[in-house]
Structure formats: C-alpha cells, structure tokens
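J.: The structure under discussion is supplied below as structure tokens; questions concerning it will follow.
The values are calculated or read from the model by the stated rules, or taken from the named source; none is laboratory data. Quantities reported herein were computed from a predicted structural model and do not represent experimental measurements. Cβ coordinates were reconstructed from backbone atoms using ideal geometry, including for glycine residues, and neighbour counts include every protein chain displayed. Ligands, DNA and RNA are stripped out before the accessible areas are found, and what is left, the full protein with its side chains, is counted by its heavy atoms. Shrake-Rupley method; radii C 1.70, N 1.55, O 1.52, S 1.80 Å.
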Amino acid sequence: GTTTVAVNLAVQLAESTRGYVALLDLNLQTGAATTMLGVKPGAGLRVALEEPDRVDALFLERTAVSVSDRLRLLAAEEAFEAPPKPTSEGVSRLMTLLRRGFNYIVVDMPTPADAALLPIYTIAQMRLLVMTPDVVSIRDAARYKAMLTAVTGSDKAVTVLNHAGLPGGVADKLVERGLQSKIDFMIPDIPKHLALSADLGVPAASRNKTFCVAMQALTKEVSGVRVGARGGGWLGRLFGR
C-alpha cells in the first residue's frame with residue numbers, strides 16, 4: 001500500500017495546498033504510480049539518475065508527466081533484464097532540481113533501496129513508514145527503523161497502518177507492541193475500492209469517502225494546511241528548498 005498512500009498524498013497535497021507537487025516513483029522496474037494515475041511514464045528518469053551531466057531544468061520538465069496543473073509525476077518502466085544503476089551524483093542532482101521547482105516532493109522509495117538512493121532519507125523532512133497488520137510487516141518495520149538509524153542517525157518516522165481492521169490481521173494493540181511505539185495514522189481495510197481505483201487509473205481518495213478522510217488527516221500532518229485551504233504550507237514541505 002505504500003504507492004497507494006504516496007499517490008493519494010501527492011494528489012491531495014496539490015489540491016489542498018495549491019502548491020506545486022512532484023511525485024517521484026523510484027521503483028524503476030516495478031512502480032505502479034503511473035497505473036494508479038492513468039498516465040504513461042515519461043522518458044528520462046533513468047538518464048537523470050545515471051548520467052547527471054545530461055540533466056538540467058529543461059530536461060526535467062520534459063521528463064515529468066503532467067497529472068494536473070499542480071502535480072507532476074516522474075516514473076519509469078525499465079526492463080527487468082536491464083536494471084538501472086543510479087549514481088549518488090545523479091540522485092543529488094535530481095533532488096536539487098526538484099527542490100528548486102516544487103513546494104512538495106513525495107518520493108515512493110523501493111525496499112530495499114539502492115545504496116545511491118539512501119541519502120534521500122537524510123534530506124527528507126518527513127518519513128512515512130507504511131505497513132500492514134501482519135507479523136512480517138511488523139518485523140520489516142523494525143528493520144526499516146534500524147536502517148534509518150544506520151543511514152540518518154535517527155529512526156524517526158510517521159507510522160501509517162494500512163488495511164487496519166483486516167479480517168484475520170494482527171490487532172492494533174499487538175502491532176503497537178511489536179513496534180514498541182504508537183501507530184500515528186490508520187487507513188481502514190477497503191480492498192475492493194482500492195483495487196478498482198487502481199485498475200481504473202483514478203486516485204482512490206476521489207472515489208471512496210472513508211479512504212479520503214483517512215488520507216486527509218495524513219495530508220494535514222504533512223502539509224500543516226487544513227485540507228481544502230489554499231496557500232501556506234511551507235512549514236510542512238517534505239523537502240526544504
């Protein structure tokens with residue numbers, strides 16, 4: 001559910017803050033953001049990550065796909081037999097250009113992430129840990145926090161429990177016991193609506209009220225702006241300029 005949260009967060013940030021939002025899907029071979037938004041990926045994200053000398057603001061503008069007047073998507077669908085090889089310089093250059101051009105940057109990170117992508121965790125002003133109510137996810141959440149500590153010196157992250165109330169899932173209190181911390185946000189289990197929205201290429205928050213309300217609370221936490229309000233929000237930017 002990480003991509004579902006990232007996509008709908010980006011959509012709601014653009015709509016509620018009227019800021020310019022970039023959604024960066026770094027699952028370069030298996031990303032689903034394009035499908036969920038009903039668009040085709042632009043060409044060039046791989047080049048930006050591997051060959052930073054070829055990248056400038058104009059190149060980035062051609063690579064980004066327009067989802068709305070305020071939201072741009074950068075994604076790829078690279079072949080399985082030719083895995084991309086991001087460079088530290090490419091990642092740094094890309095993030096610098098994005099921070100110059102957008103008020104918010106939402107990054108859907110792969111797990112595990114390529115070593116060249118790890119610095120993104122360091123510059124992020126907010127990290128969201130999306131998990132599900134099962135033993136494997138609880139285990140991996142602990143591993144994720146250990147990784148954050150190793151990379152950034154802090155395991156601080158906002159915990160988002162997706163599929164809360166899943167039949168047969170681990171109870172919320174037991175999830176918190178496993179995490180040794182409170183769950184910050186919960187998204188109810190509504191699989192049929194989410195699956196249909198993804199197949200139609202329409203953001204789930206625009207089709208299901210329950211999901212929309214849950215995402216509005218998260219969007220407010222990220223932006224510091226009341227959902228539906230215009231202007232402001234600089235305190236809650238995911239990445240500072």
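J.: Could you tell me how many of the residues in segment 148-178 are touching a residue at least 24 places away in the same chain (Cβ under 8 Å) and either open to solvent by less than 30 Å² (accessible area, probe 1.4 Å) or of a type outside the set (S, T, N, Q) (or both)?
T.: Initially, segment 148-178 is screened for residues touching a residue at least 24 places away in the same chain (Cβ under 8 Å), giving 148, 151-152, 156-166, 169-172, 175, 178.
Those still in the list that are either open to solvent by less than 30 Å² (accessible area, probe 1.4 Å) or of a type outside the set (S, T, N, Q) (or both) too: 148, 151, 156-166, 169-172, 175, 178.
Qualifying residue count for the region: 19.
J.: Right, here's the next one. If I ask for residues that are among the small types (G, A, S) and within 19 Å of the chain's Cα centre (by Cα), which ones from segment 27-47 would you list?
T.: Filtering segment 27-47 for residues among the small types (G, A, S) gives 31-33, 38, 42-44.
Residues satisfying the conditions are G31, A32, A33, G38, G42.
J.: Looking for something among the hydroxyl-bearing types (S, T, Y), at pLDDT 95 or above, surrounded by 13 or more Cβ atoms within 10 Å (Cβ to Cβ) and closer than 30 Å to S92 by Cα - is there at least one such residue anywhere in segment 122-130? Don't jump to the end; show me each part of the working.
T.: We begin by selecting, within segment 122-130, every residue among the hydroxyl-bearing types (S, T, Y); these are 122.
After this cut, where a residue has to be at pLDDT 95 or above as well, the list is 122.
Add one more test, that the residue is surrounded by 13 or more Cβ atoms within 10 Å (Cβ to Cβ), and what stays is none.
No.
J.: Quick check on my filter: what residues within segment 82-92 are touching an Asp or Glu at 6+ places or on another chain (Cβ under 8 Å) and assigned to a loop (DSSP other than H, G, I, E, B)? Steps first, answer last, please.
T.: Of the residues in segment 82-92, the ones touching an Asp or Glu at 6+ places or on another chain (Cβ under 8 Å) are 84-87, 90.
Those that are touching an Asp or Glu at 6+ places or on another chain (Cβ under 8 Å) and assigned to a loop (DSSP other than H, G, I, E, B): P84, K85, P86, T87.
J.: Considering only helices (runs of 4 or more DSSP H) fully contained in segment 1-81, which possess at least 1 residues that are among the basic types (K, R) and closer than 21 Å to P110 by Cβ? Spell out the reasoning first.
T.: Values: elements: 2-17, 33-37, 45-50, 57-63.
Per the criteria, 45-50.
J.: From the set of residues in segment 192-212 that are within 18 Å of the chain's Cα centre (by Cα) and not small (G, A, S), which is most open to solvent (accessible area, probe 1.4 Å)?
T.: Checked segment 192-212; the qualifying residue most open to solvent (accessible area, probe 1.4 Å) is V202.
J.: Return the only residue of D184, D189, D134 being open to solvent by 70 Å² or more (accessible area, probe 1.4 Å) and in contact (Cβ under 8 Å) with a residue 12 or more places away in the chain. Explain how you work it out, then say what you get.
T.: Working: D189 fails: open to solvent by 70 Å² or more (accessible area, probe 1.4 Å); D134 fails: open to solvent by 70 Å² or more (accessible area, probe 1.4 Å).
Every option except D184 fails the conditions.
J.: Separate question: Does A113 satisfy being under 30 Å from R177 (Cα atoms), of a type in the set (G, A, S) and either within 15 Å of the chain's Cα centre (by Cα) or surrounded by fewer than 17 Cβ atoms within 10 Å (Cβ to Cβ) (or both)? If you could, list the steps in order and put the result at the bottom.
T.: Numbers: under 30 Å from R177 (Cα atoms): yes; of a type in the set (G, A, S): yes; either within 15 Å of the chain's Cα centre (by Cα) or surrounded by fewer than 17 Cβ atoms within 10 Å (Cβ to Cβ) (or both): yes.
Answer is yes for this residue.
J.: May I ask you to verify whether F59 is aromatic (F, W, Y), in contact (Cβ under 8 Å) with a residue 60 or more places away in the chain and either under 27 Å from P133 (Cα atoms) or open to solvent by 10 Å² or more (accessible area, probe 1.4 Å) (or both)? First the steps, then the outcome.
T.: Values: aromatic (F, W, Y): yes; in contact (Cβ under 8 Å) with a residue 60 or more places away in the chain: no; either under 27 Å from P133 (Cα atoms) or open to solvent by 10 Å² or more (accessible area, probe 1.4 Å) (or both): yes.
Against the criterion (aromatic (F, W, Y), in contact (Cβ under 8 Å) with a residue 60 or more places away in the chain and either under 27 Å from P133 (Cα atoms) or open to solvent by 10 Å² or more (accessible area, probe 1.4 Å) (or both)), F59 does not qualify.
J.: Spot the failing condition for R127; the list is (1) under 20 Å from I187 (Cα atoms); (2) of a type outside the set (F, W, Y); (3) touching a residue at least 40 places away in the same chain (Cβ under 8 Å), and only one is missed.
T.: (3)
J.: Would segment 192-205 turn up any residue that is closer than 26 Å to L118 by Cα, assigned to a helix (DSSP H, G or I) and not hydroxyl-bearing (S, T, Y)?
T.: No: zero hits.
J.: Any residue at all in segment 89-103 that's hydroxyl-bearing (S, T, Y) and either closer than 18 Å to K182 by Cα or over 19 Å from the mean Cα position of the chain (by Cα) (or both)? Reasoning before the result, please.
T.: Start the filter on segment 89-103 by keeping residues that are hydroxyl-bearing (S, T, Y), which leaves 92, 96.
In the following step, the residues that additionally are either closer than 18 Å to K182 by Cα or over 19 Å from the mean Cα position of the chain (by Cα) (or both) were identified as none.
There is no residue in segment 89-103 that is hydroxyl-bearing (S, T, Y) and either closer than 18 Å to K182 by Cα or over 19 Å from the mean Cα position of the chain (by Cα) (or both).
J.: Separate question: Here is a list of conditions, (1) open to solvent by 20 Å² or more (accessible area, probe 1.4 Å); (2) under 20 Å from G1 (Cβ atoms), and R54 meets all of them except one; can you say which number that is?
T.: Every condition holds for R54 apart from (2).
J.: Identify, from the list T122, T159, the residue that is within 18 Å of the chain's Cα centre (by Cα), β-branched (V, I, T) and farther than 23 Å from A22 by Cβ.
T.: Values: T122 fails: farther than 23 Å from A22 by Cβ.
After ruling out the rest, the residue left standing is T159.
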